[in-house]
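Student: I'd like to ask some things about the structure below.
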Amino acid sequence: MIGKDEYGVVVGRVVAPPESRHQDLTFRTIVAMRLAAGIAVGLLAAVAVFQISLALGAPWGSAAWGGAHASVLPNRLRVASLVVGVIVYPLLIIFVLASAGTITADWMPGTGKAGMWVLTGFFVLGTIANFASRSKQERMWGPVSLAIAVCCAAIAM
C-alpha cells in the first residue's frame, strides 16, 4: 500500500511479485535503487562508448590503459577496448539493472547484494588505479569510477 505522509511525500510498501528479491523494500528504497542503477548505467554506457571509440582508432590513448600511448592505441589494446566496450560493459549494465530489480536476468548468476558488493569493490580498486595514474587524462576517470562504485554500493544496501 502506498500513500502520502503529513508532508505529502509518497511512502509505503510496494507489492512485488512473490519471487522478487525486493518484496519487502519500501517505495523510497526501490526508487533510490533504481535511480542509482540509472546513474550507474549511464556512466557505464559512457565508458563503453569511450572504449569502443578507442577500438575504432580514436586518438585518446593517453586517457586509457595506463596512459602510456599518447594517441591511437596499439592493435592489442584496441582489441582489448573492443572486447571491454562491446561485451564486458554491456554485461555489467545488465548485471546492475538485474540487481536493482529493473530487469529480470535469471540467466546471469550472482545478481543481488553480494554481487553488487563485489562490483563495488572492483570499482573502488578502479578508482584508486585511475587516481594513481601518471596520465592526467586517465585520472579524469577516477570520479567516474568512484560514482559507479557509490551507485553499486547504494544498490547493494
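Student: Checking residue 111 against (1) under 20 Å from residue 53 (Cα atoms); (2) polar (S, T, N, Q); (3) not in a helix (DSSP H, G or I), only one condition comes out false. Which one?
Tutor: Among (1) under 20 Å from residue 53 (Cα atoms); (2) polar (S, T, N, Q); (3) not in a helix (DSSP H, G or I), the lone unmet condition for residue 111 is (1).
Student: Considering each residue of segment 53-71, count those that are in contact with a Ser or Thr (Cβ under 7 Å, 6 or more places away or on another chain) and surrounded by fewer than 17 Cβ atoms within 10 Å (Cβ to Cβ), and give that number.
Tutor: Qualifying residue count for the region: 3.
Student: Something else about it: Surrounded by fewer than 18 Cβ atoms within 10 Å (Cβ to Cβ), among the β-branched types (Val, Ile, Thr) and within 12 Å of the chain's Cα centre (by Cα) - does that describe any residue in segment 143-155?
Tutor: Looking for residues that are surrounded by fewer than 18 Cβ atoms within 10 Å (Cβ to Cβ), among the β-branched types (Val, Ile, Thr) and within 12 Å of the chain's Cα centre (by Cα), one finds at least one in segment 143-155, hence yes.
Student: Another question, if that's okay. From the set of residues in segment 101-134 that are under 16 Å from residue 150 (Cα atoms) and of a type outside the set (A, V, I, L, M, F, W, C), which is nearest to the chain's Cα centre (by Cα)?
Tutor: Selected residue: 120.
Student: Looking at (1) aliphatic (A, V, I, L, M); (2) within 29 Å of residue 28 (Cα to Cα); (3) in a helix (DSSP H, G or I), which is the one condition that is false for residue 105?
Tutor: Of (1) aliphatic (A, V, I, L, M); (2) within 29 Å of residue 28 (Cα to Cα); (3) in a helix (DSSP H, G or I), only one is false for residue 105: (3).
Student: Could you tell me whether segment 32-43 includes any residue that is in contact with a Pro (Cβ under 9 Å, 6 or more places away or on another chain), aliphatic (A, V, I, L, M), touching a residue at least 60 places away in the same chain (Cβ under 8 Å) and under 18 Å from residue 100 (Cβ atoms)?
Tutor: Filtering segment 32-43 down to residues in contact with a Pro (Cβ under 9 Å, 6 or more places away or on another chain) leaves none.
No, there is no match, as no residue in segment 32-43 is in contact with a Pro (Cβ under 9 Å, 6 or more places away or on another chain), aliphatic (A, V, I, L, M), touching a residue at least 60 places away in the same chain (Cβ under 8 Å) and under 18 Å from residue 100 (Cβ atoms).
Student: When you scan segment 72-98, how many residues do you find that are crowded, with 18+ Cβ neighbours inside 10 Å and not in a helix (DSSP H, G or I)?
Tutor: 1
None of the figures in this text is laboratory data; all of them are computed from the coordinates on show. Computed from a prediction, not measured in an experiment: that's the story for all the values here. Positions of Cβ are backbone-derived with ideal geometry, glycine not excepted, and every protein chain shown enters the neighbour counts.
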